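The values are calculated or read from the model by the stated rules, or taken from the named source; none is laboratory data. Note that this is a predicted model, so its numbers are computed, not measured. Glycine also receives a Cβ, built like all others from the backbone with ideal geometry; neighbour counts cover every protein chain displayed. Calculation scope for accessible area: heavy atoms of the full protein, side chains included, ligands and nucleic acids excluded. Shrake-Rupley method; radii C 1.70, N 1.55, O 1.52, S 1.80 Å.
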Amino acid sequence: MTTLVGVDLTGRRVVVVGGGAVGTRRTAALAADGAHVVVVDPAPSDDARALVSSPTVGRVELVERPVTEADVDEAWLVVAATADEAVDAAVAQWCLERRTWCIHGAAGTARSVASSRHGDLLLGVVSTGVPDPRRVAGVRDALAEHLASGAVDLRRRRPHEGPTTEVADG
């Protein structure tokens, strides 16, 4: 069973194992949300390298070597996104042993959410059974279009009193 939860990763350490297309896309999104993202890959893509110096809300670090078990220590979230299923499975197992959330397809303890922003609202869609990314993205797109059409009243119902998040770097 999957539960949809909003998680504030601002300033928190997130490890992305894999600097290819999927890892780079996940890294960019996590950094845009303010996370301190550590990408571990022995041969990252040029796009992954570019994220280190691109302006984002969060921070991106690049570690150019194979992943080790110690890399997942102190992480709030880990994304296993290599092209090697054995490596991804090992990363997922290390996370399970540490009770750290890990995004790794159907085998992970967390799932990526197809999302869209509408002012200060974040719409998210995730499958509860076997992951079905195209279906989830299609539902997200249809709901986002409905919200953008003005058919739903998105006005705030109570004054903004958002929490202040302070997290030590690490």
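Taking into account only those residues within region 94-131 that are in a loop (DSSP other than H, G, I, E, B) and under 27 Å from LEU154 (Cβ atoms), which is most open to solvent (accessible area, probe 1.4 Å)?
Only one residue tops the list, namely ASP120.
Candidates in region 57-75 are the residues that are modelled with pLDDT of 95 or more and surrounded by 15 or more Cβ atoms within 10 Å (Cβ to Cβ); of these, the one that is farthest from ALA43 (Cα to Cα) is ALA75. Identification of strands (runs of 3 or more DSSP E) wholly contained in region 23-81 with 3 or more residues that are under 20 Å from ALA107 (Cα atoms) yields 77-80. On the stretch given as region 62-88, residues that are of a type outside the set (Val, Ile, Thr) and closer than 22 Å to THR3 by Cα total 5. Note on region 4-33: residues that are farther than 14 Å from ALA81 by Cα and open to solvent by less than 10 Å² (accessible area, probe 1.4 Å) total 1. For region 133-155, the candidate set comprises residues that are within 17 Å of the chain's Cα centre (by Cα) and surrounded by fewer than 15 Cβ atoms within 10 Å (Cβ to Cβ); within that set, the residue that is farthest from ASP33 (Cα to Cα) is PRO133. All of GLY105, GLY129 fail the test of being modelled with pLDDT under 90, out of contact with any helix residue (DSSP H, G or I) (no Cβ under 7 Å at 6 or more places or on another chain), of a type in the set (Gly, Ala, Ser) and closer than 20 Å to THR24 by Cα, apart from GLY105. Return yes or no: is ASP84 within 18 Å of ALA107 (Cα to Cα), acidic (Asp, Glu) and open to solvent by 40 Å² or more (accessible area, probe 1.4 Å)? Here the answer is yes, as ASP84 does meet what is asked.
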